[in-house]
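S.K.: Structure in structure tokens, see below.
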Amino acid sequence: TCRHAIVEELAKFGALVHTCARNETELNECLKQWEDKNFKVTGSVCDVSFSVQRKKLMEDVSSVFQGKLHILINNAGTGIVKPTAECTAEDYSHIMATNFESALHLSQLAHPLLKTSSSGNIVFISTIGTFIVYQGGAIYSASKGAMNQITKHLACEWAKDNIRVNGVAPSAIKTPLIENLFGKDSDLLMKEASRVPLGRLGEPEEVASVVAFLCLPAASYVTGQIICIDGGRAQIS
């Protein structure tokens, strides 16, 4: 998944990483794999759609990093494919809580830690669905559209605190979320790939490398941007 790829990409640069997952067994398996690769990664069990668990997560982060944080990646996400007229209040609440509310609240909770570091970076994982229309993806795209606006506002509000804030907007990347949204129908995935100028779906590592770049000194003058990682897909109507 993109989360795994981002953790590994940052760890390869020597970053100390703290990640989270809802499933404790899955988390522990990942932590063991990263330990075997000599990556310095710790983790917490957390469902970021719940406020109380977000607060506990950031308490853990503050403890692990001694009150300072250089990087926050808001990567949690879920979605459904459904005609807008059929979307329920429960669909909306779940998607907004998981995709947008969690990212905003975690950023708020992380702000003092990022400010203390004197060199903070936030990266939001958005979607090119905020630039083009994926049929049946209205609520999902709306949650990410809100995220794009928060990216721009926080970049301006928190620049004085030496915190840069950017977003990346991937197209269809080979992850479980895409299988959930498109189904495992190879014809649908092939059709989507055919609409990408580069002729294929993206790989998680291709998202991770751009995320890492945005957190490096090489991107020190980049803030408030939403960068498409899409093989040119957003250029095709």
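S.K.: Starting from the amide H of residue 43, placed 1.01 Å from N in the peptide plane, find each other amide H under 5 Å away whose residue is 5 or more places distant or on another chain.
M.R.: 19
S.K.: Here's another thing I want to ask about it. Across all directions of projection, what mean area in square nanometres is found for the Cα convex hull of the range 55-119?
M.R.: Working: hull surface 20.2 nm².
The orientation-averaged projected area of the Cα hull of the range 55-119 comes to 5.0 nm².
S.K.: Using only the alpha carbons of the chain, what is the convex hull's orientation-averaged projected area in square nanometres?
M.R.: Numbers: hull surface 51.5 nm².
About 12.9 nm², averaged over all directions.
S.K.: In square nanometres, what is the average projected area of the Cα convex hull of the range 46-157? Don't skip to the end; give the middle numbers.
M.R.: Numbers: hull surface 28.5 nm².
The directionally averaged projection comes out at 7.1 nm².
S.K.: Ranked by accessible surface with a 1.4 Å probe, highest first, in what order do 109, 154 come?
M.R.: Greatest to least solvent exposure: 109, 154.
S.K.: Continuing with the same structure: Go through 119-128, 99-108, 4-13 and give me the packing order, highest mean Cβ count within 10 Å leading. Numbers along the way, then the final one.
M.R.: Values: 119-128: 24.4, 99-108: 20.6, 4-13: 19.1.
Order by mean packing, descending: 119-128, 99-108, 4-13.
S.K.: A further question follows. Ignoring everything except DSSP H segments at least 4 long, calculate the 222 nm mean residue ellipticity for the chain; use -39,500 (n - 2.57) per segment, divide by total residues, nearest 500.
M.R.: Values: 9 runs with 109 residues, N = 237.
Helices in the chain give a 222 nm mean residue ellipticity of -14500 deg cm²/dmol.
S.K.: Another question, then. With all pairs of different alpha carbon atoms counted, what Kirkwood hydrodynamic radius in Å does the range 115-237 show? Present the calculation step by step, with values, prior to reporting the outcome.
M.R.: Working: mean 1/r = 0.0654 Å⁻¹.
After inverting the pairwise mean of 1/r, the radius is 15.3 Å.
S.K.: Going toward the positive end of the dipole of the chain, with +1 on Lys and Arg Cβ and -1 on Asp and Glu Cβ, which of 80, 30, 53 do you reach last?
M.R.: In the chain, that residue is 53.
S.K.: Pull out the extension gain between residue 35 and residue 153, defined as 0.36 nm times the separation in residues minus the alpha carbon to alpha carbon distance; nm, one decimal. Intermediate results must be reported in sequence, preceding the final value.
M.R.: On the way: separation 118, 0.36 × 118 = 42.48 nm, distance 3.73 nm.
Computed gain between residue 35 and residue 153 is 38.8 nm.
S.K.: How fast does the range 3-82 diffuse by Stokes-Einstein, in µm²/s, taking the Kirkwood radius from C-alpha pairs at 10 °C and 1.306 mPa s?
M.R.: Values: Rh = 13.4 Å.
Translational diffusion coefficient: 118 µm²/s.
S.K.: State the extension gain, in nm to one decimal, for the chain segment bounded by residue 85 and residue 162, taking 0.36 nm per residue of separation less the distance between their alpha-carbons. Don't skip to the end; give the middle numbers.
M.R.: Working: separation 77, 0.36 × 77 = 27.72 nm, distance 4.32 nm.
Result for the pair: 23.4 nm of gain on full extension.
S.K.: In nanometres, what is the gap between the two model label sites at residue 221 and residue 187, each 7 Å from Cα along Cα-to-Cβ?
M.R.: 5.1
The values are calculated or read from the model by the stated rules, or taken from the named source; none is laboratory data. Worth saying up front: this structure is predicted, and the values here are computed from it rather than measured. Positions of Cβ are generated from backbone atoms using ideal geometry, with glycine treated the same way; all protein chains shown enter the neighbour counts. Just so you know, the surface numbers come from the protein's heavy atoms only, side chains and all, with ligands and any DNA or RNA stripped out. Shrake-Rupley method; radii C 1.70, N 1.55, O 1.52, S 1.80 Å.
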